[in-house]
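What follows is calculated from the coordinates using simple rules that are stated; it is not laboratory data. Predicted model, so just to flag it, every value in this text is computed and none were measured. FYI the Cβ positions are ideal-geometry reconstructions off the backbone, even for glycines, and counts take in every protein chain you see.
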Amino acid sequence: MEIIVHRGTHQIGGCATEIRTGTTRILIDFGAELPDETGYVPPDHLEIDGLNVGAPGFDAVLLTHYHGDHLGLINRIPDSIPVYLGRSAVEVHKCFARRLARRDPEGFEVSQRLRTLDAMVPLVIGDIRVTPLPADHSAWDALMFLVEADGKRVLHTGDFRLHGFRGKATLPVLEKYAAGVDVLIMEGTRLSGGSHAGISERELQGRLKEAIRANKYVFVLCASTNIDRLASIQNVTPRGRYFICDHYQKEILDVVRACAKSGCYGFPKVTTYGKNLEHRFRKQGFVMAVRGNPLFAGIAAGYPDAVLVYSMWEGYLDGRNPALSAFVKPFKESGRMQVLHTSGHAAPEDLKAVCDAVKPARGVIPIHGRRPEDFDGLGLSAPVIALADGEVFQL
């Protein structure tokens, strides 16, 4: 078995990791570059022979989750190569693709051919066996992958955390199914700095509750696919107050409601925004999930005493997203904005906990971080294998 991190050993996002045997090749994630602090996204020149250049040579592409820095280049994959994503994550991604279909018809078409994965149900691709394991992340239905071939075992974590609602299940699952792997390929986003200070999703829910109960009109700006955050917001909305979103957000929540096993994700209070209901919203008060665009800015302008809860990475406010910055500006300038957020990525101590649970025999390959040497300070129970992009690691 060989491992090649085509991109991601020294950067966050744009991930692509190949695992291959003598007869089978799979790729885990095929992500786009993240924008810089000015909002500029450089031309993406990542070329992988057998995938987006040359004759098709990969047997499958497996996606850990639907964030663009992990699947943003899938429209460059030939139709003959199957692409897999978690079952309910596929449906969420289809909602997103439908919304952008007018300006990205190719992306919509690709979303329709995604094949589905189920956590804990193995998939055999040639002589490689892949078992998807559930991961707690800010994307719904995120997965880790346990890859087995040639008598070797590799765990690829994708993006994960332990401080979300479903994080407590991660270590027991890893101890049961992935202990003693040969190599652990693990993200290190928060080691690079810039990620939000770590509080648990449950602690954040308590702070959201305080902010919402103290104000009659509350706009909450968060990612439309951050389902845990949206569940927190709805679950602390007081009885008698509206929990509002637009049609697109409602479509995503309906997908989640249909597949979720926990009542936490039932979203029974959600109301789709409509001007005909404005008098009710104004009388009873509301919490509204919004995004940084002119539509929501127009609605917010009608509530000069409303509060904005900003629940995203603060780095987005550095100018790289002009529409988002414009939406936030009046709230920020008037002192009506609160930042309440927690990261979708693992804290340093959680990286160590995962390594301790898995106990990789050969070592840990860092990805999704700027400096693999940052792993050296974690006191891991296994050696750190710092690779360069494109380097072949023989297992």
Dipole of the chain (Lys/Arg Cβ +1, Asp/Glu Cβ -1, origin at the Cα centre): which of ILE81, PRO322, ALA260 lies farthest to the positive side?
ALA260
Provide the percentage of antiparallel DSSP beta bridges, counting only those with both residues in the chain; round to the nearest 5.
45 percent
Express in nm, to one decimal, how much length is gained between LYS176 and LYS209 on full extension, taking 0.36 nm for each residue of separation and deducting their alpha carbon distance.
8.3 nm
Given unit charges at Cβ for Lys, Arg (+) and Asp, Glu (-), the dipole magnitude of the chain about its Cα centre in debye, nearest 20, is 2220 debye
Please compute the modelled spin-label separation between GLU278 and ALA101, points set 7 Å along Cα→Cβ, answer in nm with one decimal.
3.0 nm
Evaluate 2.2 N^0.38 Å with N set to the residue count of the range 201-339, then give the Cα radius of gyration divided by it.
0.99
Could you work out the helix-only [θ] at 222 nm for the chain, with each DSSP H run of four or more residues adding -39,500 (n - 2.57) and the total divided by the number of residues, to the nearest 500 deg cm²/dmol?
-7500 deg cm²/dmol
Among the listed pairs LYS209/LYS275; LYS275/LYS329; LYS152/LYS261; LYS152/LYS352, which have their C-alpha atoms separated by more than 30 angstrom in this model?
LYS152/LYS261
Placing each pseudo-label 7 Å from Cα in the direction of the beta carbon, THR271 and MET120 end up separated by a distance in nanometres of 3.9 nm
